[in-house]
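Nothing in this text is a laboratory measurement; each read-out follows from the coordinates by a stated rule. Given the structure is predicted, the values throughout are model-derived calculations rather than measurements. No Cβ is skipped: glycine too gets one built from the backbone with ideal geometry, and neighbour counts run over all protein chains shown.
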Amino acid sequence: MHAQESRGIDGNPVIQFEQVSKAFGSLAAVHETDLTIAEGEFFSLLGPSGCGKTTTLRMIAGFERPTSGRIRLDGVEVSTVPPYRRNVNTVFQQYALFPHLSVFDNVAFGLRSSRTPAAEVRDRVEEMLAVVRLPDVSLRKPNQLSGGQQQRVALARALVNRPRALLLDEPLGALDLKLRESMQAELKRIQGELGSTFVYVTHDQGEALTMSDRIAVMHRGRTEQIGTPQDIYHRPASAFVASFIGNANLLRAQVVERAPAPQPGGARLVVEVSGLGRYPATATVDPLPAGPLLFMLRPEAIVITEDEPAQGVAVAVTITEVTFAGATLRCAGRSDGGATLDAAIVPTAVGARPQPGTRMWMSWQHEAARLVPADSAPAEDLPAGTGAAPTRVPLTTPTTPARPAGERN
Amino acid sequence: MAERDGGHRRPNRGRLAPYGLLAPGIIWLTLFFLVPLASLARMSLSSKQSRFDFVPSFSWDWANYSDVFSLYGTQLARSFGFALAATVLCLLIGYPLAYWVAVHGGRWRNVLIGLVVVPFFTSFLLRTISWTVLLADNGTVVQAARWAGLLRVLRAAGLIDGDRLLDTPLAVIGGLTYNFLPFMILPIYVSLEKIDLRLLDAAADLYASGTSTLRRVVFPLSLPGVFAGSLLTFIPASGDFVNAAFLGGTRSRMIGNVVQDRFLVQLDYPGAAAISLLMMAIITSAVLLYAKLLGTAELA
């Protein structure tokens, strides 16, 4: 388990999970999770289906009670408080708009539950419909609206109650790609305008990366990593995170040389990569756990040249496959040692044109190469057999890795 | 067969196909509904010229209609009263049952709803007659009710007279409720079962408590079922004569008994026809009014 709270959180904690577990019968959906979500934050719960992210969200909303552990809302324990007494609101996956009520009445539902005076209800509903840019449809029924419009109504219906946190359960899943992209921007705009805390559940890593302040990557009921999008992309704490967020070349590796002192950006190591040779790499977690390690390289970090480059780290490969992928060209190359590396290059007029069968050089900046622990990733996702004891051995002098400044937006 | 006709004739045949499909229904309804209805209407305006006149002749005799009110006003009002009471009782008993099965029935839902239909495997007549045994004077039910002081309460409410349950308005209303309950439960169940359970989550998320959710979300969404169930109960109940015949006394005769008596015993066809048509007219207007009140026209 490599869950790590990456850095200090600005603002007051709104939602806190303390060792929260949830089991359905014998099935553990969420396992001993610690989370702190701060006021005004756009926080994403990211993971494949069945990873426990929706259960986590439903526990915040109050639809599920944790089997053990505590959930706090503004510092007050709410683990057993029913949903209708919690000041959080949800945007449901299929919106769950009331089909018998007009858009206005849908949005007014929560305010009327809390016995808000009629005049105030009207003002706040109209104000919120303006915020989500849906002023002219208040008398229509949900089934007379397009998917994008229904999405906005669901958002208004939740936000009009001024919740301490807005919970969004894959809200854009039902929309087509173009609409989804524009709604992503819309959500960010609305969150900025209102300054509310958003907790966003998604399985779409692109969506999580573009929208979130911080992301919790979940896998099999556990939080694999919590951090900023940059953290998670560049310094994945596990092979699962590395392969789930973006694409990654993952090759078995062993440490041959350790840095004598901590380096900026994590411990610099020299590793023996199977089928590739000795290369420098930076560990993403410190201390590294005992057990198998993987050398990680993002395909887009690789440059392909015909001649051996003067700078950086390089390996000679035979190009085995070239696939057109729109903006990029995906090339697979096999090293003399038998390792396969995938590269995503942007074809330019002057650059090399890899053809299958040709000899080329693949090179990268040494900072791009990472060393990640393989233990918590499922065996079937990885090139090699994994599964190691969760004990950790210190790799360098145990200090918190310093991170380059200015990476958090 | 289609090959023999040749491809070029198909478009024409395609255009006639819908009428072909409708034809059996149209012919059936014309022969067995429209024609009898017209003959009933004609009969209702006929009269016997003399006592010995066997076949009444058509004479624009509107008196048949005014007679209904003057002679059978009580039975008419009683029929609608009993049917209304039975419908309300069915709703009160059936709605919670349907709700429970739809929301909490889980994988037993179909079995549970099947049980509701089980009584239909026995004849309607037989089931009603069995009630006469159950409610018999000095039977277990009467004795238990007397012991519990229930008889006194019912007597005070005017639902029974004397010391018996049989041959009382209460027994007729009870019989009607019993016999038509499945017709209330099934449509309500269907409409409740269609409700997306996530709407209940959404209501709870928007601060609505259980009762508030029931009132503001579940009940409005089940109105089509309530509407259909009420009609399926009220209409046959108001025309029913079996329950009144077996379970009711002279004080609980319904209009159905009058029609049966006029047609089959007194052979007063014009009078019976007039009552029947009037019932149709009243029920149709009542249904339209009900639909208007419930606002179900656009929902259904």
Reach of B:Lys48 by Cα under 20 Å, taken over aspartates and glutamates that are not fewer than 8 positions away in the same chain: B:Asp61, B:Asp67, B:Asp261, B:Asp268
Stretch in chain B that is longest and holds no trypsin sites (Lys or Arg not before Pro) that DSSP places in a loop and that have at most 14 other beta carbons within 10 Å: B:52-193
Whole-angstrom gap from region A:325-348 to region B:13-51, using each part's C-alpha centre: 79
Pairwise FRET efficiency - B:Arg42 versus B:Ser212, Cβ, R0 = 60 Å, nearest 0.05: 0.60
Unsatisfied cross-links (Cα-Cα over 28 Å) in the set A:Lys53/A:Lys178; A:Lys53/A:Lys188; A:Lys22/A:Lys178: A:Lys22/A:Lys178
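Arranged by the count of other C-beta atoms within 10 angstrom, fewest first, what order do A:His219, A:His31, A:His366, B:His104 take? Display every interim value, and only then the final one.
On the way: A:His219 23, A:His31 19, A:His366 14, B:His104 10.
By the 10 Å Cβ count, ascending: B:His104, A:His366, A:His31, A:His219.
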Which of B:Phe180, B:Gly271, A:Leu293, positive extreme of dipole for the protein assembly as shown (C-beta unit charges): B:Gly271
Only Lys, Arg (+1) and Asp, Glu (-1) charged, at Cβ; the protein assembly as shown dipole about Cα centre in debye: 1700
Cα-based Rg and Dmax for the protein assembly as shown, where Dmax is the largest Cα-Cα distance (Å): 38.0, 127
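Could you tell me which helices of chain B pass both thresholds, a Cα extent of 18 Å or more along their own axis and a mean Kyte-Doolittle hydropathy of at least 1.0, with helices taken as whole DSSP H runs? Before the final figure, lay out each step's value.
On the way: long enough: B:10-29 (29 Å, 0.13); B:63-104 (56 Å, 0.96); B:169-193 (34 Å, 1.34); B:219-239 (30 Å, 1.28); B:269-294 (37 Å, 1.70).
Membrane-span-like by this rule: B:169-193, B:219-239, B:269-294.
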Solvent-free Debye scattering, log10 I(q)/I(0), computed from the Cα coordinates of chain B at q = 0.15 Å⁻¹: -1.24
Percent RCO, i.e. relative contact order, over chain A, from Cα pairs under 8 Å lying at least 6 residues apart: 16
q = 0.23, 0.28 Å⁻¹: log10 I(q)/I(0) that the Debye formula gives for region B:52-115, counting C-alpha atoms only: -0.96, -1.07
Between helix A:103-113 and chain A: long-axis angle, C-alpha atoms, 0 to 90°, nearest 10: 80
Helix A:177-194 vs. chain A, principal-axis angle (Cα, 0 to 90°, nearest 10): 70
Using θ = phi - 60° and Karplus 6.51 cos²θ - 1.76 cosθ + 1.60, couplings along region A:305-316 (whole Hz; Gly, Pro as x): 10, 7, 9, 5, x, 6, 10, x, 10, 9, 9, 7
Nitroxide proxy distance, nm - points 7 Å out along Cα→Cβ at B:Leu22 and B:Phe263: 3.0
GNM result for chain B, Cα springs below 10 Å: residue of B:Ala63, B:Ala148, B:Ala17 fluctuating most strongly: B:Ala17
For region A:97-143 versus region B:252-269, the gap between their alpha-carbon centres in whole angstrom: 57
With at most 13 other Cβ atoms within 10 Å, longest stretch of chain A clear of loop GluC sites (Glu not before Pro) (DSSP): A:1-305
For A:Leu139, B:Leu76, B:Leu206, order by how many other beta-carbon atoms lie within 10 Å, fewest first: A:Leu139, B:Leu76, B:Leu206
Exposure proxy order (Cβ contacts within 10 Å, fewest to most) of A:Arg112, A:Arg252: A:Arg112, A:Arg252
Förster radius 45 Å - calculated FRET efficiency between A:Thr358 and A:Lys188 (Cβ-Cβ, nearest 0.05): 0.55
Net lengthening on full extension, A:Ala310/A:Asn247 (0.36 nm per residue, minus Cα-Cα): 20.0 nm
Descending Cα extents along the principal axes, chain A, whole Å: 75, 49, 40
Built amide H within the under 5 Å cut-off of A:Ile15, gap 5+: A:Ile37, A:Asp74
Rounded tilt (10° steps) of A:118-131 against the dominant C-alpha axis of chain A: 30
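Counting only helical runs of four or more DSSP H residues, what would the 222 nm mean residue ellipticity of chain A come to if each run contributes -39,500 (n - 2.57) and the total is spread over all its residues?
On the way: 8 runs with 84 residues, N = 409.
Calculated at 222 nm, the ellipticity per residue is -6000 deg cm²/dmol.
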Over chain B, relative contact order from alpha-carbon pairs under 8 Å, at least 6 apart, %: 26
Amide proton proximity set for B:Thr168, modelled H, under 5 Å, gap of 5+: B:Gly249
Two-site FRET efficiency, A:Val81 against A:Leu177, from Cβ-Cβ distance with R₀ of 30 Å, rounded to 0.05: 0.20
Estimated inter-spin distance, A:Ala23 and B:Ala156, nm [label 7 Å along Cα→Cβ]: 5.7
Positive-end residue, the protein assembly as shown charge dipole about Cα centroid, Cβ charges, pick of A:Leu27, A:Ala174, A:Ser114: A:Ser114
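Any idea what diffusion coefficient region A:151-229 gets from Stokes-Einstein, in µm²/s, Kirkwood Rh on alpha carbon pairs, 4 °C, 1.567 mPa s?
Numbers: Rh = 13.4 Å.
Estimated diffusion coefficient is 97 µm²/s.
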